[in-house]
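The values are calculated or read from the model by the stated rules, or taken from the named source; none is laboratory data. Computed from a prediction, not measured in an experiment: that's the story for all the values here. Glycine gets a Cβ as well: all are built from the backbone with ideal geometry, and neighbour counts include every protein chain shown.
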Amino acid sequence: MQTAMNEISIVLLDIEGTTTPVDFVHRVLFSYAREHMKEFLKTQWQESSVRADMDLLRAYHSSDSAKGQEPPEWHNGSDSSEQSSALRYILWMMDKDSKSTPLKSLQGKIWQQGYQNGELKAEVFADVPRAFVRWSQRQKEICIFSSGSVLAQRLLFANTNHGDLSAFLKRHFDTEVGAKGDPESYHKIASALGTDASCILFMSDTLKELEAARTAKMETAWCVRGPENPSFTGNHLLVRTFDNVLI
């Protein structure tokens, strides 16, 4: 089934499960960050951007403690004790699949090293570059909204198994604009893009995100990449391949 939505001027895309296999994100990217986090903290500890991440990370730790979530204890003092505390807390957050801004920032910096040294190569589905070309030819703007940092997003699309796709992307949004399950995040994105939300098509594999975008008056499409045949779509367009999204 092909779907035409001629009023759409902007395509806003999730990454995990939408442009990129879930398995790549969890098996490759998250594992790589976990494996290299200790050495990264040790070697980059004094970098200004890492210090900023640490300041924000401590604030998250205080908030988690206040909420009774019992994060690993944080010990201030020497660099080594703080690095150990940060590492324990970061791994604790990763186990909980946290979308926190400082965690995503640190992961992005580690992935940057992996892409630069050739240890990482991003995966996107084969229909993604075809769609990017087609939508761009029709003067549609393509943007990304992901819980991964803007840096991580840019790196992924610049280093894919289908080449550098970054030139197709106009804007990137991450958790600094808000949570993906919060309608206000989508209002902010529409405002930043200078267009009415109804002119934006948001595609994701997560219903909670789609409901939030729909509440903000965006058009929505549920991206189902696997063999599942959902009986409930919540009035979201069901998309199995970008090849069938004609806008």
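Looking at residue 123, is it within 16 Å of the chain's Cα centre (by Cα), acidic (Asp, Glu) and at pLDDT below 95? The answer is no for residue 123. Report, by residue number, each residue of the stretch 22-47 that is among the charged types (D, E, K, R) and out of contact with any helix residue (DSSP H, G or I) (no Cβ under 8 Å at 6 or more places or on another chain). The answer is 23, 27, 35, 39, 47.
Listed here are the helices (runs of 4 or more DSSP H) enclosed by the stretch 148-247 that have at least 3 residues being closer than 20 Å to residue 21 by Cβ and either in contact with a helix residue (DSSP H, G or I) (Cβ under 7 Å, 6 or more places away or on another chain) or among the basic types (Lys, Arg) (or both): 150-158. Scanning the stretch 104-141 for residues that are part of a helix (DSSP H, G or I) and small (Gly, Ala, Ser) returns 105, 108, 114, 131, 136. Filtering the stretch 55-82 to residues that are touching a residue at least 40 places away in the same chain (Cβ under 8 Å) and either crowded, with 17+ Cβ neighbours inside 10 Å or not in a helix (DSSP H, G or I) (or both) leaves 57, 60. Can you name the residue in the stretch 1-46 that is over 16 Å from the mean Cα position of the chain (by Cα), modelled with pLDDT under 95 and not in a loop (DSSP other than H, G, I, E, B) and, of all such residues, is surrounded by the fewest Cβ atoms within 10 Å (Cβ to Cβ)? Out of the qualifying residues, it is 4.
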